[in-house]
Amino acid sequence: MSQNTNSEIENTPTQRAAVVTGASSGIGAATVAALADKGWKVFAFARREDKLTSVAEAAGAVAVVGDVTVQEDIDRLLKTVTEQGGVDTVINIAGGALGVDTIGNAKDEDWERMYAINVLGTMKVTRAFLPMLREQGEGTVLNMTSMAALVSYEGGGGYNAAKSAERAMTHALRLEEAENNVRVIEVLPGMVYTEEFSLVRLGSKEAAENVYQGVEKPLLAEDIADIVSYAVNAPHHVNLDEIVVRPVAQAAVHKVIRKN
């Protein structure tokens, strides 16, 4: 058997590795599975230990329990990742919406929680890992925002505001980190049928199901995970700056085709 030449050794690809937040369900869980299927080492980060453990075991990922709004949890995540060889990619999926109140009836606690998760949580995780991504040489940050960052709607003011802020932060990050060869990707999904998003927002299963009533083919978590996987697996010099994705039935935020 012939020995490897130096050039063959140099050209041997290293395993890609990523942190995925919001990994216990929905798009986060689907993204963990999609990347693991491509051979990535994945650090799955979320609050709910039971659900997270199940997702991680199924994908062969490393489960790290924690909250993106708690600095001590992020410090522990960074320590775990560092001890296990680091990552080249951070995928911020943790987020969500609470309530459909008008601004005149807004609840402080809902707005504060949406801002804490979608904006401050994304900032805290990104800030923690930027030195590692810079040092890696070809780092990637992917932020999951929403079409709600592009078009406001009645009853969505808090979520519109939070996702708009996360989008603005993503744009600033791209400008700041280009010189460090860190690419920054934004994915903006429209109507995605997941087990929890509308349930958490609206508070009842019936109300959540009504969101998708008559929509023949809403997007699924796996659809978005495929797009995330494609974006981060593209050659590093290819930056899909922003990807707006919605089902064909959702021509716009205000126009959704529903059939009986």
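The values are calculated or read from the model by the stated rules, or taken from the named source; none is laboratory data. Keep in mind the model is a prediction, meaning the values are calculated, not measured. Backbone-built Cβ (ideal geometry, glycine too); neighbour counts: all protein chains shown. The area values use the complete protein model at the heavy-atom level, side chains included, leaving out ligands, DNA and RNA. Shrake-Rupley method; radii C 1.70, N 1.55, O 1.52, S 1.80 Å.
If we sort 252-258, 20-26 on the protection proxy, mean other Cβ atoms within 10 Å, highest first, what's the order? Please report the intermediate quantities before stating the final value.
On the way: 252-258: 12.1, 20-26: 26.7.
The densest-packed peptide leads the list: 20-26, 252-258.
Dividing the radius of gyration of the alpha carbons in region 81-234 by their Kirkwood radius gives 1.00 for Rg/Rh. Counted residue by residue at 0.36 nm each, then reduced by the alpha carbon distance between them, the extension gain from E138 to V244 reaches 35.8 nm. Note on the chain: with charges restricted to the Cβ of Lys and Arg (+1) and Asp and Glu (-1), its dipole about the Cα centre is near 460 debye.
Projecting label points 7 angstrom from Cα along Cα→Cβ for A172 and A106 puts them 1.9 nm apart. In this view, the solvent-accessible surface of L175, computed with a 1.4 Å probe and all protein chains in place, comes to about 140 Å². Taking the longest Cα principal axis of the chain as reference, the axis of helix 122-136 is set at about 20 degrees. In region 17-256, the portion of solvent-accessible area held by carbon and sulfur atoms comes to 52 percent [1.4 Å probe, whole percent, DNA, RNA and ligands not counted].
Taking 0.36 nm per residue of separation and subtracting the current Cα-Cα distance, fully stretching the chain between I257 and S152 would add 35.9 nm.
The C-alpha atoms of the chain define a longest principal axis, and helix 26-37 lies at about 20 degrees to it. Along the axis of the charge dipole computed for the chain (Cβ charges of +1 for Lys and Arg, -1 for Asp and Glu, origin at the Cα centre), the listed residues A44, A252, I224 are led at the positive end by A252. Average accessible surface for region 10-104: 45 Å² per residue, computed with a 1.4 Å probe over protein heavy atoms with every protein chain in place.
Output the relative contact order of the chain, whole-number percent, from Cα pairs under 8 angstrom with separation of 6+ residues.
Working: 468 pairs, mean separation 46.5, N = 260.
Relative contact order of the chain: 18 percent.
Between the helical axis of 49-59 and the longest alpha-carbon principal axis of the chain there is an angle of about 50 degrees.
Over 31 Å, how big is the tail of the calculated P(r) for the chain, in percent of all Cα pairs? Percentage above 31 Å: 24.
Here each label is just a point 7 Å from Cα along the line to Cβ, and for N180 and E195 those points are 3.6 nm apart.
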